[in-house]
Every structure is written in C-alpha cells, then in structure tokens.
Amino acid sequence: LDWFWYQWFFTTYTVDQSIESVTRRGTNEIVTIDDRGDMAMPIILRVDYTNGTSDTVIQKASVWFAGTRHVAMTIPLRGKTVRTVTLDPDNRFQDLDRTNNVWKGTQ
C-alpha cells in the first residue's frame, strides 16, 4: 500500500472520478469512468435497478497505475433495467466534484 500512503500523506493530489457515460450494449450496460484527479483510488459503483434491487461493482485502484484516464466497466443486466448508477455511493473518498458521480436513467 505504499502508493496509497504516499499519495495521501506526501502529496497534494486530489481524487476526482466521474461517470462520463452509461450506454446499453446488448444485454450489458457499459459505464465509462474518467479519472480527472491525480490520486489513484478504486472504482466503487452502486447500480440501482427499476425492480428495487442493486449491485455493487468494484474495480481495484491498480486499473489507473498504467496511466489510463478512462475505464469502461461492463455491467451484466440479466433482464433488469438500470435506474441509477452512483460512483462512490458511501462517500469513502474525498472526491473533488461529486456532481458528476450519479447517472440517472429510467425512473
């Protein structure tokens, strides 16, 4: 966890992840996440469906280590319809701009 401690205690890096798009592709939903900050943090998504159920999908922070700034995550729908997608639903990270952390689809 050296990367974690270094970023939090020895830099002025910021966390700023955003949901850039949510698109349906066949039987999946593709959620594209942008990393606009300097600090690598895991991606934690809560996907809420119109039937009242939800799933949490996690991608490790290492996805950012190679320098990529965009990650597309595939969410299998299994016959469900997405109502909302929330990035960091429990507010674990000090995200710089939370206004782009929620996508609202079918209500």
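The values are calculated or read from the model by the stated rules, or taken from the named source; none is laboratory data. Computed from a predicted structure; not experimentally measured. Heads up, the Cβs are rebuilt from the backbone with ideal geometry, glycines too, and the neighbour counts pull from every protein chain shown. SASA here: full protein model, heavy atoms, side chains in, ligands and nucleic acids out. Shrake-Rupley method; radii C 1.70, N 1.55, O 1.52, S 1.80 Å.
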Considering segment 53-81 alone, what residues qualify as being open to solvent by 70 Å² or more (accessible area, probe 1.4 Å) and more than 17 Å from residue 100 (Cβ to Cβ)? 56, 58, 60, 65, 66, 74, 78, 79
So the check is Cβ under 9 Å with 6+ separation or different chains; which pairs have a first residue in segment 60-89 that's of a type in the set (Val, Ile, Thr) and a second one that's part of a loop (DSSP other than H, G, I, E, B) and crowded, with 17+ Cβ neighbours inside 10 Å? 63/40; 86/101
Odd one out for residue 49, checked against (1) of a type in the set (Phe, Trp, Tyr); (2) at pLDDT below 95; (3) surrounded by 15 or more Cβ atoms within 10 Å (Cβ to Cβ): (2)
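Run down 38, 2, 48, 55 and say which single residue is of a type in the set (D, E, K, R) and in contact with a Lys or Arg (Cβ under 7 Å, 6 or more places away or on another chain).
None of the other options fit; the residue is 48.
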What single numbered condition from (1) open to solvent by 40 Å² or more (accessible area, probe 1.4 Å); (2) free of Cβ contacts under 8 Å to residues at least 24 places away in the same chain fails to hold for residue 42? (1)
Go through segment 82-93 and give me each residue that's open to solvent by less than 50 Å² (accessible area, probe 1.4 Å), outside any strand (DSSP E or B) and either in contact with a Ser or Thr (Cβ under 8 Å, 6 or more places away or on another chain) or more than 18 Å from residue 20 (Cβ to Cβ) (or both). 89
